[in-house]
Structures are given as C-alpha cells and as structure tokens.
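These notes are about the structure you will find just below.
Any read-out appearing in this document is the output of simple, stated calculations on the displayed coordinates, not a laboratory observation. All values derive from a computational prediction rather than experimental measurement. Cβ placement follows ideal geometry from the backbone for every residue including glycine, while neighbour counts extend to all protein chains displayed.
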Amino acid sequence: MTLPREILLDGYRRMRAIREFDDRMRREFEAGTVPGFIHLYIGQEAVAAGACIHLNDSDYIGSTHRGHGHCIAKGCDIGDMLLEIYCKQDGLCKGKGGSMHIADMEKGMLGANAIVGAAPPIAVGAALTARTLDNKGVAMSFIGDGASNQGTVFEALNLASILKLPMIFMYENNGYAEFTGTSYHLGGDIAGRAGAFDMPAEKVDGTDFFAVYEAVGKAVERGRAGEGPSAIEAIAPRWFGHYEGDPQAYRSKEELADLRNTSDPLLRFRERVLADGQLGADEMDAIDAEVRADIDDKVAVAKTAPKPPAEALYEDVYISY
Ligand SMILES: Cc1ncc(C[n+]2csc(CCOP(=O)(O)OP(=O)(O)O)c2C)c(N)n1
Ligand SMILES: [Mg+2]
C-alpha cells in the first residue's frame, strides 16, 4: 500500500508526538513531578494514529485509562493536555480530571475513562446521534483486551449491530489486563467475538501503521456510507508496566527487552518508508526535533501554571442542560 506523502508525514508526526509525550511523562513521573497515576501508551502508537487519522473533529472517540495517545491522535492540544495532567486551571478539564479523565468535546474526544469498558456504550450513543442527525459522522471506541470481557462491551456491540450504527469497535490487544496475560483472561478471540454480532471483524498487526490505516479506513467508509458497525482487533504489545511504578514481576526481562527490537511501530514505519523512498530520514528527524522542543516548552509551562482556585472546587460537578 502506498499512501500520499501528507498522510505519511501526518501519521509519523502523530506517532512521534505520542512517543515523546509519554516518554517525557514517564521521566517526569519517575522524578515525582506528575500528580496521580499514569498509564503509558508507548508501543501502541500506530493504533491511535492509524485510526484517528481517518476521523474529523465532528467524529467522536471514546477512550480508556491509557488515553494520552488517543487524545493526541484525535487532535487535542498537547499544551492543554499537559496542563490537565498537572492539574492546572487552564487544563482541558480545568485541572480537575487529570490523566485518566481528559476530555475535549471540540475535538470529539469524549473522554479518557478510568472505568474499564465504560467507553463503548458512550461511543455507541454518539454513533446513534450521528445516525439520527444523518451527518455522516462516525464514532469509535478504543477497548483493551481486558475491557473486551466486560458486559458493557457486549451490550454496545449488540446495540450497534441491531441499529446498524456508524460505529467502530477498535480493540487494542496489548497482551495484558493489569498484571494478567491474555492467555489467562481471554476466552476465544476478540475479533471472533465481534464477528458473532454480524459485523465485519478484522485482526491486524497494531505495530504496523499501514495495516491499521487500511483496516480502519474500510470501517470508517462503511460507517459513513450507512452500512453499519465494524470491529478491528489490533495487536500491539504493552512496552511498560500497567501503570508507571509497576515493577512487572510477572514478565521476563527478555520479553521486555525484545519488544524494542521486534515491536516498535515508529521504527517499523521509518524502515518501510525509507526502503520505499517515500520519506527522507532528514524530514522525519526534523519532525522528531520539532515535537521534542514543543513538548519541552509545554511541560515547562504546565509545571509553573496556576492551579484552580479553592472557590472553583464545587464548580462543574454537575452539568445543567
Ligand atoms: C470496571 C472496572 N473494573 C476493574 C478496573 C481495574 N482495572 C483498571 S485497568 C484494568 C485492566 C484493563 O486492561 P485492558 O482493558 O487490557 O487495558 P490496558 O490496561 O491493557 O490498556 C483493570 C482491571 C477498573 N478500573 N474498572
Ligand atoms: Mg490490555
């Protein structure tokens, strides 16, 4: 598959931004500057980037507790995300949500979500809205392998199927749910389960941007054409712990070291486009440097920005319609 240069550059930039962002968060967390828990998306960059590159601001996504990559890929402002993670008043949720609750309605980002399996029914609601308004919009939910076992996900699959909604179930099988491997927690196979709801379901290598791009492209097209929901299972191993600070005693050192060589979505992308002569190393290096400098600046701003005032504590608790 050959993609236009602008798609390649855009896809690479999204993946690099996710990698740099989460790698910086990892180092900041280690240094003790980040409040709360963080869950890194490193290793899964090609899934969010290859999927969200097909979506507009008026399309919706539902995310997970591991949501930084989804937010960045959907176009959330990185500076505003950092302000949120650092719990500052100008953050995307006024500093009251933090890493696991980043939401941005203007970008169609319905929210990271600490409740495993909560996003699919919400995204199905957004898909129903798009169908009702007949605006050709689609909704997508990211779902972990652990979340795939939740009853909420099956209810969402069923509703999307019977109502033929413009919905994409974007499963991310990273091999683990917290500290439990899929060999112990997953009965059967994820794509097969979705297929039982009478929707096309495809399994792809989630470290391959091109494979994700192609599969999601078909699913989004189906949704926009009114042909109903689709499911995709992208397999991309989790590089780090469940949360930062997880000692990962349940994984071997060899397994972790191997991932860097065998499952790096950015490396795979670079090797492929360089071999095909589609992009030059210099232009990708320039993106790397730009992204790194941008994150450096924005982390510095987030660290020194003001917190919400105490009087704001009870604001935004409920929304009035
Ligand atoms: C309803 C609910 N049950 C359990 C938990 C605790 N929990 C947090 S993350 C997680 C595992 C999720 O695994 P997976 O869906 O594979 O996502 P990943 O962490 O691999 O991205 C669990 C069980 C929770 N937050 N919500
Ligand atoms: Mg998982």
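At a glance:
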quantity: Residue-averaged 222 nm ellipticity for the chain, from DSSP H runs of 4+ at -39500 (n - 2.57), nearest 500; calculated: -14500 deg cm²/dmol
quantity: Peptides ranked, highest mean first, by Cβ atoms within 10 Å: ranges 273-280, 313-320, 222-229; calculated: 222-229, 273-280, 313-320
quantity: The stretch 40-53 - phi-based ³J(HN,Hα) in whole Hz, Karplus 6.51/-1.76/1.60, Gly and Pro as x; calculated: 7, 9, 4, x, 10, 4, 5, 6, 4, 5, x, 8, 6, 4
quantity: Using θ = phi - 60° and Karplus 6.51 cos²θ - 1.76 cosθ + 1.60, couplings along the stretch 217-227 (whole Hz; Gly, Pro as x); calculated: x, 5, 5, 5, 4, 4, x, 5, 7, x, 8
quantity: Stretchable slack from T2 to N261, in nm (0.36 nm times residue separation minus alpha-carbon distance); calculated: 90.8 nm
quantity: Isolated Cys residues of the chain, judged by Cβ distance under 4.7 Å to other cysteines; calculated: C52, C87, C93
quantity: Projected label distance in nm at N135 and D282, using a 7 Å step from Cα toward the beta-carbon; calculated: 4.4 nm
quantity: DSSP bridge orientation in the chain - percent antiparallel, rounded to nearest 5; calculated: 10 percent
quantity: Gyration tensor (alpha-carbon) shape descriptor, the stretch 145-198, a/c threshold 1.5; calculated: prolate
quantity: Relative contact order of the stretch 53-149, defined on C-alpha pairs under 8 angstrom at six or more residues apart (%); calculated: 34 percent
quantity: Entries in K107/K307; K136/K203; K253/K298; K96/K298; K74/K303; K96/K218 that, when Cα-Cα distance is taken, lie over 30 Å; calculated: K253/K298; K96/K218
quantity: Sequence-separation-based contact order of the stretch 5-305, relative, with Cα cut under 8 Å and 6+ spacing, percent; calculated: 22 percent
quantity: For I143, residues with placed amide H under 5 Å, excluding near neighbours; calculated: M170, Y171, E172
quantity: Rounded FRET efficiency, nearest 0.05, which uses the C-beta distance separating D297 from I115 and R0 of 45 Å; calculated: 0.85
quantity: Rel. contact order, % - alpha carbon contacts under 8 angstrom, at least six apart, the stretch 163-235; calculated: 53 percent
quantity: For H65, distant residues with modelled amide H under 5 Å away; calculated: N113
quantity: Descending semi-axes in Å of the chain, equivalent ellipsoid built from Cα gyration tensor; calculated: 27, 25, 21
